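Just below is one structure, and these are the notes that go with it.
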Amino acid sequence: MTLKNMKSLGLAAIGAFGLSGAASAEGSLSLYNWGEYINPAIIEKFAEEFDVDVTLDTYSTNEEMLARIQAGATGYDLVWPSVHMHDIMQKTGLLQKTMVNEMPGFENIDPGSIRSKEDPNAEWCLPYAWGAVGIFYNKEMIPELNSWQDFFDYAAANPGKVTMLDDLRETLGVGLIMNGASVNSTDKDEVAAAEEFILNAKPNIGAFRYDVLPLVTSGDMAASHYYVGAVLNVNQNPDLLGYVIPEEGATMYQENICMLKDAPNRENALKFLEFMMRPEISAENTIMLTNGSVNMAAIELLPDELKNHPAVNPPPEVRAKLQIFDDLGRDLRMYTRAWDRVKTQ
């Protein structure tokens, strides 16, 4: 889950987008999203058009967001969980139905983006954006990089010059992919083998972290396991930077916009969902995020460098190798224990 350096931000309020020239607000709307995972101009446009005060707080991980909501954080209307977290939140009674699938504009949403197992008809949440999690690299340090094997071979020869994400599912997921297993495996031997793979690589990994864009750009790091939002940086400096979906395959993320059960501003939240389905709004948002769009009409409005980028809109044979996370239920504890060992050993 674009500028997905969004995950480099901790939980923090990053401001309120007030009204421009409006005498008074017709209510409020409170958003709780990943950092830098929405174009601020979009929020400003919504606030002005509907005369609504909009606030935005941010989180760094699905787990952080869930813990805060379960601990009793109130006042938020809309959240952006990844698909598997959408399923968890719906099953645990934290969300409410929106019937977004009956709103004007839903005809623009790609049916293939309706991925939630708990919400197969999109009666609860709106598909938002998707993208691959591959490798961002510095071409002066690594002229050509095509695979995870290239990444780990370089790390072995240049210890400390690559990073991986500080995320148990993403990083153990790479271990699973390298062993030919599903990133949703519940086989204890496969999870143990993924743990061993990452542990063996750990001495060569500079850090598990999110805030890597400036490090790779400066050459402090040669390559980083990172989100497709890094394509924005690549397009700004294509001679220096590259981004690749590895040949072995990769994980992918998708976030949905969901309304919390206790949302205090339901009507404004519904207006926002409908607003986000407008093709021109979705396209403007996607251009900033540089990830995959779920809005088919919006894709036609994107500039060619995004519409035709092989990592942003990969060809079918590449998309076939992308795996999205499922809710593992109690089996997630295997991953948590494995990740604890990776981080502490």
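The values are calculated or read from the model by the stated rules, or taken from the named source; none is laboratory data. Keep in mind that this is a model prediction, so the values were computed, not measured. Using ideal geometry, Cβ is built from the backbone for each residue, glycine included, and neighbour counts are taken over all protein chains shown. Ligands, DNA and RNA are stripped out before the accessible areas are found, and what is left, the full protein with its side chains, is counted by its heavy atoms. Shrake-Rupley method; radii C 1.70, N 1.55, O 1.52, S 1.80 Å.
(1) of a type outside the set (S, T, N, Q); (2) surrounded by 21 or more Cβ atoms within 10 Å (Cβ to Cβ); (3) not in a helix (DSSP H, G or I): which one isn't true of Ala230, the others all being true?
Here Ala230 clears every test but (3).
Condition (residue is hydrophobic (A, V, I, L, M, F, W, C), open to solvent by less than 50 Å² (accessible area, probe 1.4 Å) and part of a loop (DSSP other than H, G, I, E, B)) applied to region 138-149: is it met by at least one residue?
So in region 138-149, the residues hydrophobic (A, V, I, L, M, F, W, C) come out as 141-142, 145, 148.
Cutting the leftovers down to open to solvent by less than 50 Å² (accessible area, probe 1.4 Å) gives us 142, 145, 148.
Subset that is part of a loop (DSSP other than H, G, I, E, B): 142, 145.
The answer is yes, given that some residue of region 138-149 is hydrophobic (A, V, I, L, M, F, W, C), open to solvent by less than 50 Å² (accessible area, probe 1.4 Å) and part of a loop (DSSP other than H, G, I, E, B).
How many residues, within region 217-262, are touching a strand residue (DSSP E or B) at 6+ places or on another chain (Cβ under 7 Å) and farther than 22 Å from Asp304 by Cβ?
22
Right, Glu49: touching a strand residue (DSSP E or B) at 6+ places or on another chain (Cβ under 6 Å), open to solvent by 60 Å² or more (accessible area, probe 1.4 Å) and more than 30 Å from Ile245 (Cβ to Cβ) or not?
Working: touching a strand residue (DSSP E or B) at 6+ places or on another chain (Cβ under 6 Å): no; open to solvent by 60 Å² or more (accessible area, probe 1.4 Å): yes; more than 30 Å from Ile245 (Cβ to Cβ): yes.
When the stated conditions are applied, Glu49 does not pass them.
May I ask you to list the residues in region 284-298 that are of a type outside the set (Ser, Thr, Tyr), over 19 Å from Val100 (Cβ atoms) and buried (at least 20 other Cβ atoms within 10 Å of the Cβ)? Let's see the steps before the verdict.
Let us first name the residues in region 284-298 that are of a type outside the set (Ser, Thr, Tyr), namely 284-285, 287-289, 291-292, 294-298.
Of the ones still in play, those that are also over 19 Å from Val100 (Cβ atoms) are 284, 287-289, 291-292.
If the condition is that a residue be of a type outside the set (Ser, Thr, Tyr), over 19 Å from Val100 (Cβ atoms) and buried (at least 20 other Cβ atoms within 10 Å of the Cβ), then Leu289, Asn291, Gly292 are the ones that fit.
Filter region 278-291 down to residues that are assigned to a helix (DSSP H, G or I) and either aliphatic (A, V, I, L, M) or modelled with pLDDT under 95 (or both), then give me how many there are. Full working, then the answer.
Residues of region 278-291 assigned to a helix (DSSP H, G or I): 279-289.
Imposing the further condition that a residue be either aliphatic (A, V, I, L, M) or modelled with pLDDT under 95 (or both) reduces the set to 281, 283, 287-289.
Matching residues across region 278-291 total 5.
Can you name the number of the only condition in (1) surrounded by 23 or more Cβ atoms within 10 Å (Cβ to Cβ); (2) within 13 Å of Asn256 (Cα to Cα); (3) among the hydrophobic types (A, V, I, L, M, F, W, C) that Ala122 fails?
Failing condition for Ala122: (1).
Given the residues Ala122, Ala67, Ala71, Ala129, which is the only one that is over 21 Å from the mean Cα position of the chain (by Cα) and either closer than 26 Å to Val228 by Cα or of a type in the set (Gly, Ala, Ser) (or both)? Talk me through it step by step, then tell me what you get.
On the way: Ala122 fails: over 21 Å from the mean Cα position of the chain (by Cα); Ala67 fails: over 21 Å from the mean Cα position of the chain (by Cα); Ala129 fails: over 21 Å from the mean Cα position of the chain (by Cα).
One residue alone meets the criteria, Ala71.
Examine region 151-166 for a residue that is touching a Pro at 6+ places or on another chain (Cβ under 6 Å) and part of a loop (DSSP other than H, G, I, E, B), and state whether such a residue exists. Let's see the steps before the verdict.
Looking only at region 151-166, we keep the residues that are touching a Pro at 6+ places or on another chain (Cβ under 6 Å), and these are none.
No - not one qualifying residue is present in region 151-166.
Name the single residue, out of those in region 44-63 being within 23 Å of Leu94 (Cβ to Cβ) and hydrophobic (A, V, I, L, M, F, W, C), that is nearest to the chain's Cα centre (by Cα). Outline the logic, then answer.
At the first step, the residues of region 44-63 found to be within 23 Å of Leu94 (Cβ to Cβ) are 54-63.
Add one more test, that the residue is hydrophobic (A, V, I, L, M, F, W, C), and what stays is 54, 56.
Working: Val54: 22, Leu56: 17 Å.
Only one residue fits best here, namely Leu56.
Yes or no, residue by residue, for (1) on the phi > 0 side of the Ramachandran plot; (2) touching an Asp or Glu at 6+ places or on another chain (Cβ under 9 Å); (3) surrounded by fewer than 19 Cβ atoms within 10 Å (Cβ to Cβ); (4) among the basic types (Lys, Arg):
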{"position": "Met164", "(1), (2), (3), (4)": "no, yes, no, no"}
{"position": "Leu168", "(1), (2), (3), (4)": "no, yes, no, no"}
{"position": "Leu172", "(1), (2), (3), (4)": "no, yes, no, no"}
{"position": "Gly175", "(1), (2), (3), (4)": "no, yes, no, no"}
{"position": "Ala181", "(1), (2), (3), (4)": "no, yes, yes, no"}
{"position": "Ala194", "(1), (2), (3), (4)": "no, no, no, no"}
{"position": "Leu199", "(1), (2), (3), (4)": "no, no, yes, no"}
{"position": "Phe208", "(1), (2), (3), (4)": "no, yes, no, no"}
{"position": "Ser218", "(1), (2), (3), (4)": "no, no, yes, no"}
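Can you pull out every residue in region 309-329 that is outside any helix (DSSP H, G or I) and more than 15 Å from Ala132 (Cα to Cα)? Don't jump to the end; show me each part of the working.
Going through region 309-329, the residues outside any helix (DSSP H, G or I) turn out to be 309-315, 320-328.
Residues satisfying the conditions are Asp326, Asp327, Leu328.
Given the conditions (1) modelled with pLDDT of 95 or more; (2) within 30 Å of Gly75 (Cα to Cα); (3) open to solvent by 10 Å² or more (accessible area, probe 1.4 Å), report the number of the one that Gln254 does not fulfil.
Unmet condition: (3).
Can you pull out every residue in region 76-112 that is touching a Phe, Trp or Tyr at 6+ places or on another chain (Cβ under 6 Å) and open to solvent by 30 Å² or more (accessible area, probe 1.4 Å)?
Of everything in region 76-112, just one residue is touching a Phe, Trp or Tyr at 6+ places or on another chain (Cβ under 6 Å) and open to solvent by 30 Å² or more (accessible area, probe 1.4 Å), namely Lys97.
Are any of the residues in region 292-304 within 19 Å of the chain's Cα centre (by Cα), under 30 Å from Ala192 (Cα atoms) and at pLDDT below 95?
Checked region 292-304: no residue is within 19 Å of the chain's Cα centre (by Cα), under 30 Å from Ala192 (Cα atoms) and at pLDDT below 95.
Could you say whether any residue in region 329-338 is open to solvent by less than 40 Å² (accessible area, probe 1.4 Å), under 20 Å from the mean Cα position of the chain (by Cα) and closer than 27 Å to Leu168 by Cα? Before you say what the answer is, go through the steps one by one.
Applying the first criterion (open to solvent by less than 40 Å² (accessible area, probe 1.4 Å)) to region 329-338 yields 334-335, 338.
Still in the running and under 20 Å from the mean Cα position of the chain (by Cα): 335.
Pick out the ones that are also closer than 27 Å to Leu168 by Cα and you get 335.
Checked against the condition, which is being open to solvent by less than 40 Å² (accessible area, probe 1.4 Å), under 20 Å from the mean Cα position of the chain (by Cα) and closer than 27 Å to Leu168 by Cα, region 329-338 yields at least one hit.
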